[in-house]
Amino acid sequence: MASESVQPVTELLVAAQAGDAAAAERLMAVVYEQLHRMACVRMAQLPPGQTLQPTALVHEAYLRLTDKSDVSWESRQHFFFAAARAMRDILVEQARRKAGPVRGGGRRRQELDEACAVIEPPGENVLAVHEALGELEKQDPLKAKIVLLRYFSGMTTDETAEVLGLGTSTLDRQWRYIRAWLLERLE
């Protein structure tokens, strides 16, 4: 993210929102790589068998972001928070669809050949984290933003610190607390 200049992204956001199609195309070119990397990191953390690919996640999130005419993009930071939120919403919607009765609901896949089965730890529960994040948003919005950027967007500590304007040691301290808090809530 540091390779992008903050000012051009903000200017492109404003121009694209005003209806400048060329600015919207330039904006996509500028932010696409970062959004795609965020999606790849996040999708790699999900259990195997996902049908949603990182590219599709990025495109869906970008469409949701640029389709909103009532949003006034204040800055690059605001855009990436919104992107993280859009990715979160998409992943939660997908998890809810997969948990529904039409898709097998609470049924678990059973391997027929136990000797060939590879035992993998269960994937993180997107819905449980989503619910815990809703509670955290009420208690401490900054910590909720950190979870959005780290968990749902897959940003590194340095990237998250840069977006939030925090020092990395401060962010590390906050992240340790958040992980302990989430662990307690998810158990």
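If you filter segment 142-187 down to residues that are within 14 Å of the chain's Cα centre (by Cα) and outside any helix (DSSP H, G or I), you find that the one that is surrounded by the fewest Cβ atoms within 10 Å (Cβ to Cβ) is 156. Here segment 14-69 is the region considered, the condition is being part of a helix (DSSP H, G or I) and among the charged types (D, E, K, R), and the residue that is least open to solvent (accessible area, probe 1.4 Å) is 42.
Tell me which residues, restricted to segment 35-80, are among the acidic types (Asp, Glu) and modelled with pLDDT under 80.
Residues satisfying the conditions are 67, 70, 74.
Considering each residue of segment 86-98 in turn, at least one proves to be under 17 Å from residue 16 (Cβ atoms) and modelled with pLDDT of 80 or more.
The values are calculated or read from the model by the stated rules, or taken from the named source; none is laboratory data. Because the structure is a prediction, the values reported are computed rather than measured. Please note: Cβ atoms are built from the backbone with ideal geometry, for glycine as well, and neighbour counts cover all protein chains shown. Heads up: the accessible areas ignore ligands, DNA and RNA and are worked out on the full protein's heavy atoms, side chains in. Shrake-Rupley method; radii C 1.70, N 1.55, O 1.52, S 1.80 Å.
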